[in-house]
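Trainee: The following block contains the structure, expressed as structure tokens.
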Amino acid sequence: MSASVERPRRHLLGVGDLTREDAERVLDTARGLERTLDREVKKLPTLRGRLVVNLFYESSTRTLASFELAAKRLSADTMTLRSSGSSVDKGESLRDTALTLAAYDPDVIVVRHPHIGAPHLVAGATDAHVVNAGDGKHQHPTQALLDLFTIREALGRLEGVAVAIVGDVLHSRVARSLVEALLLVGAEPLLVGPPTLIPRGIEATGCDVSHSVDALAHADVVYVLRMQAERMESAYVPSLREYTALYGVTPERVRPGQVVMHPGPMNRGVEIDPRVADSGASLVTAQVRSGLVVRMAVLYDLLTAPGLRVVAPVLEVA
Ligand code: CP
């Protein structure tokens, strides 16, 4: 048996790859790593000599920056390839791009792509561990983990926490991953938005649905989603002004004791009022900070711990 066959190939392609134990272990590791953020010397030698490649076919600020910094803080080498400005512009396919990068023997490839299943294709084409950093409207598992971490740090628990996710659920990989992750750890997701922006039949997954913004009052956490104009083929609401009037999260719609989250980037004045975004109830900056330690924990877990399950890549992307 060759060395490449013996090597465990564990991936994080979606929240479905995680057991509750996996998720809790990653959150516990992240908690331990958080202590390093306040040290004068923040670097750990843990992944020295390893290579983490970021392969991004869509724009990103938080996910790309935090994966790059997470790898560096663990002493791994990093390489970032954005599709724009690369040979993708000359027509090179995703598979050929992945095979090209695989020639440098990366340990982890972090993939963001507008097409569902792209990270699965990279996992099938290379020997690297692959992390899905967002594929179309499908999955964004590390966002879900960092959101769980943020909620647990803020409220001290996850079990039984009521999380109202308000906005454009239909086009949101963040919402799909977060609903799965909340159900995994015993929290209670509620989706709030106009019928056109809530996937039909999603109640079957175990979450509740309301089309009234008044339902936010019952939640411990109000999780605000951006209108994902880049994934909309037609108009889903009569106008942004009407959407804001009906579902925008304003100070009047946040009750004392609630916390407010948003994965970013925020459209201030559309789905979230700036007075809420900048209020003491807002965990938006905490989410960004959590992203660093949770992504450090994911890299650590994939490369050193017998955790995340092997997933057979099955999807094909042109
Ligand atoms: N939340 C999130 O994925 O942000 P970026 O698109 O900036 O990475």
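The values are calculated or read from the model by the stated rules, or taken from the named source; none is laboratory data. Model, not experiment: these values are computed from the prediction. Here Cβ is always computed from backbone atoms with ideal geometry, including for glycine, and neighbour counts include all displayed protein chains. Surface areas here come from the heavy atoms of the whole protein model, side chains and all, with no ligands, DNA or RNA. Shrake-Rupley method; radii C 1.70, N 1.55, O 1.52, S 1.80 Å.
Trainee: Quick check on my filter: what residues within the range 193-208 are in contact (Cβ under 8 Å) with a residue 12 or more places away in the chain, outside any loop (DSSP other than H, G, I, E, B) and surrounded by fewer than 18 Cβ atoms within 10 Å (Cβ to Cβ)? Reasoning before the result, please.
Mentor: First, the residues of the range 193-208 that are in contact (Cβ under 8 Å) with a residue 12 or more places away in the chain: 193-199, 202, 205-208.
Narrowing further to those that are outside any loop (DSSP other than H, G, I, E, B): 195-197, 202, 205, 208.
Within the range 193-208, PRO195, THR196, THR205, ASP208 qualify.
Trainee: How about the range 45-159: which strands (runs of 3 or more DSSP E) wholly inside it have at least 1 residues that are surrounded by fewer than 17 Cβ atoms within 10 Å (Cβ to Cβ)?
Mentor: On the way: elements: 51-56, 77-82, 108-113, 129-135.
Filter on the range 45-159 gives 77-82.
Trainee: Listed residues GLY201, GLY257, GLY206; which is on the phi > 0 side of the Ramachandran plot, in contact with a helix residue (DSSP H, G or I) (Cβ under 8 Å, 6 or more places away or on another chain) and not acidic (Asp, Glu)? It would help to see each step written out before you state the result.
Mentor: Numbers: GLY201 fails: in contact with a helix residue (DSSP H, G or I) (Cβ under 8 Å, 6 or more places away or on another chain); GLY257 fails: in contact with a helix residue (DSSP H, G or I) (Cβ under 8 Å, 6 or more places away or on another chain).
Step by step, each of GLY201, GLY257, GLY206 is checked, and only GLY206 is on the phi > 0 side of the Ramachandran plot, in contact with a helix residue (DSSP H, G or I) (Cβ under 8 Å, 6 or more places away or on another chain) and not acidic (Asp, Glu).
Trainee: Do you know which residues across the range 119-147 are within 16 Å of the ligand (Cβ to nearest atom), out of contact with any helix residue (DSSP H, G or I) (no Cβ under 6 Å at 6 or more places or on another chain) and either without any contact (Cβ under 8 Å) to a residue 60 or more places away in the chain or aliphatic (A, V, I, L, M) (or both)?
Mentor: Matches in the range 119-147: VAL131 only.
Trainee: If you don't mind, another one. Evaluate the following for LEU190: is it without any contact (Cβ under 8 Å) to a residue 60 or more places away in the chain and open to solvent by 10 Å² or more (accessible area, probe 1.4 Å)? I'd like the intermediate steps shown before the answer.
Mentor: On the way: without any contact (Cβ under 8 Å) to a residue 60 or more places away in the chain: yes; open to solvent by 10 Å² or more (accessible area, probe 1.4 Å): yes.
Spelling it out, LEU190 is indeed without any contact (Cβ under 8 Å) to a residue 60 or more places away in the chain and open to solvent by 10 Å² or more (accessible area, probe 1.4 Å).
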